[in-house]
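Q: Handing you a structure now.
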Amino acid sequence: MEAKKASQSITIMTELVLPNDTNVFGNLMGGRLMYWMDIAAALSAQKHCNAPVVTASVDNISFENPIKLGNVVHIEAKITRAFNSSMEVHMKVWGEDLTQQYKYKSNEAYYTFVALDPNRKPRVVPQLVTETEEEKKLFDGALRRRQLRLILGGKMKPDDAAELKALFVKD
Ligand SMILES: CC(C)(COP(=O)(O)OP(=O)(O)OC[C@H]1O[C@@H](n2cnc3c(N)ncnc32)[C@H](O)[C@@H]1OP(=O)(O)O)[C@@H](O)C(=O)NCCC(=O)NCCS
């Protein structure tokens, strides 16, 4: 299976915040944003593996700035690393006020997807080739993030998280 470049998975989604997307303060609801992010990230993962994917986990999301009614939402998703059947997707989210002409960061997040075969079993995905410094940095950190989320998800024993332990334990 041929490895693919991170840039091949780039997915950009643009949405307009309408009244039905907002909370009582007139800001975009977090749940709606996470729904759009899930779709953008899934498309990015599918571009990488060319197979159906399911969301395996969503890392913590902190909303730095509210996105207002009538503003535009920009979501940029890209694969940071492919493992065996799973892929980590990194997303950056901005709001934009087109009338006042300014763009502001809303949040960043990592979602993990697993590619499935026709029997709905996890299937192998292509490895990832990084090109830029930022892609290399995200690739390196992905192993630690993976171990942390697998521990939190009850899929890995803390004792087996060698990458994470190396951060805290000195020889
Ligand atoms: C995600 C899912 C396919 C994993 O299946 P599984 O039978 O547990 O498979 P495995 O334990 O063999 O793990 C398969 C891959 O999933 C990854 N995985 C499993 N749980 C994970 C979690 N909580 N977070 C991140 N990755 C996870 C494993 O690390 C493994 O990745 P790898 O092959 O790259 O090493 C399965 O749990 C599932 O279908 N979940 C529901 C998905 C869904 O419906 N999502 C929408 C939300 S409702």
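Q: Spot the failing condition for ASP38; the list is (1) under 24 Å from LYS136 (Cβ atoms); (2) at pLDDT 95 or above, and only one is missed.
A: Condition (1) is where ASP38 drops out.
Q: Still on this structure, I have one more. Yes or no: segment 6-24 includes at least one residue that is more than 22 Å from GLU131 (Cα to Cα), at pLDDT 95 or above, touching a Ser or Thr at 6+ places or on another chain (Cβ under 9 Å) and open to solvent by less than 10 Å² (accessible area, probe 1.4 Å).
A: no
Q: For segment 60-79, give me each residue that is open to solvent by 20 Å² or more (accessible area, probe 1.4 Å) and either more than 15 Å from the chain's Cα centre (by Cα) or near the ligand (Cβ under 9 Å from one of its atoms) (or both).
A: Of everything in segment 60-79, those that are open to solvent by 20 Å² or more (accessible area, probe 1.4 Å) and either more than 15 Å from the chain's Cα centre (by Cα) or near the ligand (Cβ under 9 Å from one of its atoms) (or both) turn out to be GLU64, ASN65, PRO66, LYS68, LEU69, GLY70.
Q: Moving on to the next point. In segment 85-112, what residues are open to solvent by 90 Å² or more (accessible area, probe 1.4 Å) and either in contact with an Asp or Glu (Cβ under 6 Å, 6 or more places away or on another chain) or near the ligand (Cβ under 10 Å from one of its atoms) (or both)? Explain how you work it out, then say what you get.
A: If we filter segment 85-112 for residues that are open to solvent by 90 Å² or more (accessible area, probe 1.4 Å), which is where we start, we get 98-103.
Answer for segment 85-112, where residues must be open to solvent by 90 Å² or more (accessible area, probe 1.4 Å) and either in contact with an Asp or Glu (Cβ under 6 Å, 6 or more places away or on another chain) or near the ligand (Cβ under 10 Å from one of its atoms) (or both): just LYS103.
Q: Here's something else I'd like to know. Looking at ALA115, ALA82 in this structure, which one is farther than 19 Å from GLU134 by Cβ, within 13 Å of the ligand (Cβ to nearest atom) and crowded, with 21+ Cβ neighbours inside 10 Å?
A: Details: ALA82 fails: farther than 19 Å from GLU134 by Cβ.
Matching residue, one of ALA115, ALA82: ALA115.
Q: Here's a follow-up. Just to be sure, is LYS165 near the ligand (Cβ under 10 Å from one of its atoms), basic (Lys, Arg) and over 14 Å from the mean Cα position of the chain (by Cα)? Show your work before the answer.
A: Working: near the ligand (Cβ under 10 Å from one of its atoms): no; basic (Lys, Arg): yes; over 14 Å from the mean Cα position of the chain (by Cα): yes.
Criteria not met by LYS165.
Q: Another question, if that's okay. Only residues that are acidic (Asp, Glu) and modelled with pLDDT of 95 or more: list them for segment 60-87, please.
A: Keep residues of segment 60-87 that are acidic (Asp, Glu), which gives 64, 76.
Scanning segment 60-87 gives a single hit, GLU76.
Q: Ok, one more. In segment 10-44, how many residues are of a type in the set (Gly, Ala, Ser) and over 11 Å from the mean Cα position of the chain (by Cα)? First the steps, then the outcome.
A: So the first thing to find is which residues in segment 10-44 are of a type in the set (Gly, Ala, Ser), and the list is 26, 30-31, 40-42, 44.
Adding the requirement that they be over 11 Å from the mean Cα position of the chain (by Cα) leaves 26, 30-31.
Number satisfying all stated conditions: 3.
Q: Can you name the residue in segment 151-162 that is under 17 Å from ASP59 (Cβ atoms) and open to solvent by less than 70 Å² (accessible area, probe 1.4 Å) and is also farthest from the ligand (Cβ to nearest atom) among such residues?
A: Residues of segment 151-162 that are under 17 Å from ASP59 (Cβ atoms), as a first pass: 151-156, 161.
Keeping just the survivors that are open to solvent by less than 70 Å² (accessible area, probe 1.4 Å) gives 151, 153-154, 156, 161.
On the way: ILE151: 10, GLY153: 3, GLY154: 8, MET156: 8, ALA161: 12 Å.
Ranking the qualifying residues of segment 151-162, first place goes to ALA161.
Q: Residues being among the small types (Gly, Ala, Ser) and surrounded by 17 or more Cβ atoms within 10 Å (Cβ to Cβ): count how many of those fall in segment 120-145.
A: Just the residues of segment 120-145 that are among the small types (Gly, Ala, Ser), to begin with: 141-142.
Still in the list and also surrounded by 17 or more Cβ atoms within 10 Å (Cβ to Cβ): 142.
Matching residues across segment 120-145 total 1.
The values are calculated or read from the model by the stated rules, or taken from the named source; none is laboratory data. All values derive from a computational prediction rather than experimental measurement. Using ideal geometry, Cβ is built from the backbone for each residue, glycine included, and neighbour counts are taken over all protein chains shown. These accessible areas exclude ligands, DNA and RNA; they are computed on the full protein's heavy atoms, side chains included. Shrake-Rupley method; radii C 1.70, N 1.55, O 1.52, S 1.80 Å.
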